[in-house]
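Inspection log for the structure reproduced underneath, given as structure tokens.
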Amino acid sequence: MVRSKMIRTWGNAAASIVAMTALVIGATGCGSADPAPPAPQLNAHCDQPGATGKLADGPTAYDGRTVYCTPVEGTDTHVWAYTRGPLQHDPNARGYTCDDKDCHFPDGGPVPGYQRCGILCGEPPTSGDVQSGFADCFNAGTPFEECERRLQDGH
């Protein structure tokens, strides 16, 4: 019985030492990686051409999607976009703003669908996005570039 009590005592002491060591190592960050960079935001400028990221999880249907640091034609600018690009226009240089349903010029007037960027820029779908089936494809969770390919192939 004495031996059993001694083994329990030594066992408890050893477990305590292991636990304390783990706390000390964990507290100093030994072996820990640098914190992950913040998730990219659609249309935000980026400085690593060709980089890939995922949009942060959040309240919209497009969160968690893959985005690429895409060049904007005729500029040195790169932005996070659903496509590898290049983009014809910088989505940050649009002369209008959008909410979940509509897009408006600064004077409050509506932006006609044919003048908008649509899903590519994180806007509500244009009539072309809807009529072509692109909006249904994308909203089903299919990657942007796969939806583009399907439309080009006539699917």
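The values are calculated or read from the model by the stated rules, or taken from the named source; none is laboratory data. Not measured: the values here are computed from a predicted model. FYI the Cβ positions are ideal-geometry reconstructions off the backbone, even for glycines, and counts take in every protein chain you see.
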> Within segment 71-86, can you find the residues that are within 18 Å of the chain's Cα centre (by Cα) and in contact (Cβ under 8 Å) with a residue 24 or more places away in the chain?
Replying inline: HIS78, VAL79, TRP80, ALA81, TYR82, THR83, ARG84
>> Could you list, ordered by first residue, the pairs with Cβ atoms under 7 Å in which the first is in segment 139-155 and more than 18 Å from THR70 (Cα to Cα) and the second is outside any helix (DSSP H, G or I) and modelled with pLDDT under 90, at least 6 apart or interchain?
In response: ASN139/ALA61
> Would you pick out the residues in segment 87-111 that are assigned to a loop (DSSP other than H, G, I, E, B), loosely packed, with under 13 Cβ neighbours inside 10 Å and within 20 Å of the chain's Cα centre (by Cα)?
Replying inline: ASP99, ASP100
> Which residues, taken from segment 112-135, are more than 18 Å from THR83 (Cβ to Cβ) and either assigned to a helix (DSSP H, G or I) or not assigned by TED's automatic domain parsing to the domain that holds VAL72 (or both)?
Replying inline: GLY113, TYR114, GLN115, SER127, VAL130, GLN131
> What is the one condition in (1) touching a residue at least 12 places away in the same chain (Cβ under 8 Å); (2) under 23 Å from the mean Cα position of the chain (by Cα); (3) farther than 25 Å from ALA56 by Cβ that GLY122 does not satisfy?
Replying inline: (3)
> Only one residue in THR70, THR83 is assigned to a loop (DSSP other than H, G, I, E, B), of a type in the set (Val, Ile, Thr) and surrounded by 13 or more Cβ atoms within 10 Å (Cβ to Cβ). Which one?
Replying inline: THR83
